[in-house]
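Asker: Sharing a structure here in structure tokens format.
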Amino acid sequence: MEILASAPGKTILFGEHAVVYGEPAIAGAVNKRATIKLREAPRDISIFKSDDLGFEAELDTVAKRYTLKKGKPGIIKYILEILSKFHDHSPIEIDLSLNIPIGSGLGSSAAVTVSTLAALHKYHGKKFDRIFIAKKAHEIENTVQRMASPLDTRVSTFGGLIYLSRKKKITKFNTNFKSSFVIGYTSKRGNTGRMVKSVKSLKNRNPTIIEPILKTIGKITDDAKLAITNKQEYRLGELMNVNQGLLDSLGVNTNELSRMVYLARKSGASGSKITGAGGGGSIIACCPKNQDKVFKALTYYDNAIKVNFSNEGVFVKEIKEGLNDNFEDWWKYIN
Ligand code: PMV
């Protein structure tokens, strides 16, 4: 039996850092995904490989160890953790295709974790249960990373745009928001733990200054929810720009991120800001027009991808014999 599962990456549109102090946040699944193919292994050893990322490893799922045959997959810790918890150790082969940049705050590890869990559950004949998958994927991320918010795994499992309220309630909203975005990312990875800590110490030193800033980010997030609901892309851009100023004041900006933020605006984005923890990682630009122009400008110095929000969370299918084995063809078949 061969299983195909696919899950999206995510981006935070509003509320990063403020959300740590109880303010709301908006995040969404993007149309960039991790896709897993899982089958019985041809030999008596489990394999994890990816042609996209250029690696191949043999897995010892009992001892949670691996031997590299080619490349270096950072993501392998998640796979070993999943297999040691949810697999019977029979030899399987996992093929990963990933078009989400790794380590850029775009939820690549969550997408890999969610799709692998979904594929494995189908392989073992279990019922497809999104709530269970989201819960277990968060546990896996917590074990591997020691600290993980449930946002990434949740968005990857369910898809769509979500609003995380002050009471920590997650709701999906306006599923028809079709605007175009560009995400720019540098080769410097962000370190979420370090950035959260540095905002905390800034806040402890200057509580009367920083607390109102965090509250204002919360207000921006609420206005942004309205702007999205009313499909006001220029209003949304304006709010992104104000939010960016406040993120800068929290000390999470860098030269590279700042350069991309201004370049995107100059190239015709309606607004742009850091997405995620900052200190490296990514920016997001809202591009109701000029998406190509913004993309071109950002890729001149850095890397960029064009994205749209996507309603499609994780899905899983059994690959039937006779159908083309190619990921692209599969994607067309599924859609
Ligand atoms: O860069 P990411 O995707 O890890 O996002 C971090 C978002 C923070 O608000 C800074 C931290 C958090 O856990 O919410």
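Asker: Could you please give the count of residues in the stretch 139-150 that are crowded, with 21+ Cβ neighbours inside 10 Å and either within 12 Å of the ligand (Cβ to nearest atom) or among the polar types (S, T, N, Q) (or both)?
Answerer: The first filter runs over the stretch 139-150 and keeps only residues crowded, with 21+ Cβ neighbours inside 10 Å, leaving 140-141.
Restricting the remaining residues to those that are either within 12 Å of the ligand (Cβ to nearest atom) or among the polar types (S, T, N, Q) (or both) gives 141.
Here the count works out to 1.
Asker: Please work out which one of (1) among the aliphatic types (A, V, I, L, M); (2) closer than 29 Å to S258 by Cα; (3) not in a loop (DSSP other than H, G, I, E, B) is the condition A148 fails and give its number.
Answerer: Answer for A148: the failing condition is (3).
Asker: Please determine, by comparing only the residues of the stretch 101-134 that are open to solvent by 10 Å² or more (accessible area, probe 1.4 Å) and aliphatic (A, V, I, L, M), which one is farthest from the chain's Cα centre (by Cα).
Answerer: Restricting to residues being open to solvent by 10 Å² or more (accessible area, probe 1.4 Å) and aliphatic (A, V, I, L, M), the top hit is I131.
Asker: Sort out which residues of the stretch 258-289 are assigned to a helix (DSSP H, G or I) and within 16 Å of the ligand (Cβ to nearest atom), and write them in order of number.
Answerer: Of the residues in the stretch 258-289, the ones assigned to a helix (DSSP H, G or I) are 258-266.
Result: M260, V261.
Asker: Taking the stretch 29-76, which residues are more than 16 Å from the ligand (Cβ to nearest atom) and of a type in the set (G, A, S)?
Answerer: Start the filter on the stretch 29-76 by keeping residues that are more than 16 Å from the ligand (Cβ to nearest atom), which leaves 31, 33, 35-73, 76.
Within the stretch 29-76, A41, S46, S50, G54, A57, A63, G71 qualify.
Asker: Among the residues that make up the stretch 236-255, is at least one of them away from the ligand (no atom under 14 Å from the Cβ), more than 21 Å from A110 (Cα to Cα), free of Cβ contacts under 8 Å to residues at least 24 places away in the same chain and not in a helix (DSSP H, G or I)? Break it down stepwise before answering.
Answerer: We begin by selecting, within the stretch 236-255, every residue away from the ligand (no atom under 14 Å from the Cβ); these are 236-242, 244-245, 248-249, 255.
When the remaining residues are screened for being more than 21 Å from A110 (Cα to Cα), the result is 236-242, 244-245, 248-249, 255.
When the remaining residues are screened for being free of Cβ contacts under 8 Å to residues at least 24 places away in the same chain, the result is 242, 245, 248, 255.
Narrowing further to those that are not in a helix (DSSP H, G or I): none.
No: zero hits.
Asker: Give me the pairs: first residue in the stretch 54-70 and over 21 Å from I102 (Cβ atoms), second residue open to solvent by 100 Å² or more (accessible area, probe 1.4 Å), beta-carbon distance under 7 Å, and six or more apart or on different chains, which are they?
Answerer: E58/Y66; E58/K69; D60/Y66
Asker: Next up: Quick one: count up the residues across the stretch 169-197 that are touching a residue at least 60 places away in the same chain (Cβ under 8 Å) and either assigned to a loop (DSSP other than H, G, I, E, B) or within 13 Å of the ligand (Cβ to nearest atom) (or both).
Answerer: 16
Asker: Something else about it: Specify which of the listed residues (L68, L53) is assigned to a loop (DSSP other than H, G, I, E, B), among the aliphatic types (A, V, I, L, M) and open to solvent by 10 Å² or more (accessible area, probe 1.4 Å). Spell out how you get there, then give the answer.
Answerer: Details: L68 fails: assigned to a loop (DSSP other than H, G, I, E, B).
The match here is L53.
Asker: Limited to the stretch 108-145, what total is found for residues that are assigned to a loop (DSSP other than H, G, I, E, B) and touching a residue at least 12 places away in the same chain (Cβ under 8 Å)? Write out each step before concluding.
Answerer: So in the stretch 108-145, the residues assigned to a loop (DSSP other than H, G, I, E, B) come out as 124-129.
With touching a residue at least 12 places away in the same chain (Cβ under 8 Å) added as a condition, the list becomes 124, 128.
Of the residues in the stretch 108-145, 2 are assigned to a loop (DSSP other than H, G, I, E, B) and touching a residue at least 12 places away in the same chain (Cβ under 8 Å).
Asker: Would you confirm whether any residue within the stretch 140-150 is on the phi > 0 side of the Ramachandran plot and either assigned by TED's automatic domain parsing to the domain that holds G280 or under 12 Å from the mean Cα position of the chain (by Cα) (or both)?
Answerer: There is no residue in the stretch 140-150 that is on the phi > 0 side of the Ramachandran plot and either assigned by TED's automatic domain parsing to the domain that holds G280 or under 12 Å from the mean Cα position of the chain (by Cα) (or both).
Asker: Return the total of residues in the stretch 1-28 being more than 13 Å from the ligand (Cβ to nearest atom) and either in contact with an Asp or Glu (Cβ under 7 Å, 6 or more places away or on another chain) or open to solvent by 10 Å² or more (accessible area, probe 1.4 Å) (or both).
Answerer: So in the stretch 1-28, the residues more than 13 Å from the ligand (Cβ to nearest atom) come out as 1-8.
Next, only the ones that are either in contact with an Asp or Glu (Cβ under 7 Å, 6 or more places away or on another chain) or open to solvent by 10 Å² or more (accessible area, probe 1.4 Å) (or both) stay: 1-3, 8.
Residues flagged as more than 13 Å from the ligand (Cβ to nearest atom) and either in contact with an Asp or Glu (Cβ under 7 Å, 6 or more places away or on another chain) or open to solvent by 10 Å² or more (accessible area, probe 1.4 Å) (or both) within the stretch 1-28 amount to 4.
Asker: Within the stretch 310-328, is even one residue modelled with pLDDT under 95, surrounded by 18 or more Cβ atoms within 10 Å (Cβ to Cβ) and of a type in the set (S, T, Y)?
Answerer: Within the stretch 310-328, one or more residues are modelled with pLDDT under 95, surrounded by 18 or more Cβ atoms within 10 Å (Cβ to Cβ) and of a type in the set (S, T, Y).
Asker: To continue, here is another question. Conditions: (1) in the same structural domain as L117 (by TED's automatic domain parsing); (2) more than 22 Å from the chain's Cα centre (by Cα). K266 meets all but one. Number of the miss?
Answerer: Of (1) in the same structural domain as L117 (by TED's automatic domain parsing); (2) more than 22 Å from the chain's Cα centre (by Cα), only one is false for K266: (1).
Asker: Go through (1) in contact with a helix residue (DSSP H, G or I) (Cβ under 8 Å, 6 or more places away or on another chain); (2) within 16 Å of the ligand (Cβ to nearest atom) for S108 and report which single condition fails.
Answerer: Status for S108: all satisfied but (1).
Asker: Starting from residues that are under 17 Å from T153 (Cβ atoms) and over 21 Å from the mean Cα position of the chain (by Cα), keep the ones in the stretch 78-100 and report whichever is surrounded by the fewest Cβ atoms within 10 Å (Cβ to Cβ).
Answerer: So, considering only residues that are under 17 Å from T153 (Cβ atoms) and over 21 Å from the mean Cα position of the chain (by Cα), the one surrounded by the fewest Cβ atoms within 10 Å (Cβ to Cβ) is K85.
Asker: Please find, within the stretch 31-50, the residue that is surrounded by the most Cβ atoms within 10 Å (Cβ to Cβ) out of those that are touching a helix residue (DSSP H, G or I) at 6+ places or on another chain (Cβ under 9 Å) and under 30 Å from A224 (Cβ atoms).
Answerer: A34
The values are calculated or read from the model by the stated rules, or taken from the named source; none is laboratory data. As the structure is a prediction and not an experimental result, all values here were calculated from the model. Cβ sites come from the backbone with ideal geometry, for glycine too, and all protein chains shown count toward neighbours. Just the protein is used for accessible areas: all its heavy atoms, side chains included, with ligands, DNA and RNA removed. Shrake-Rupley method; radii C 1.70, N 1.55, O 1.52, S 1.80 Å.
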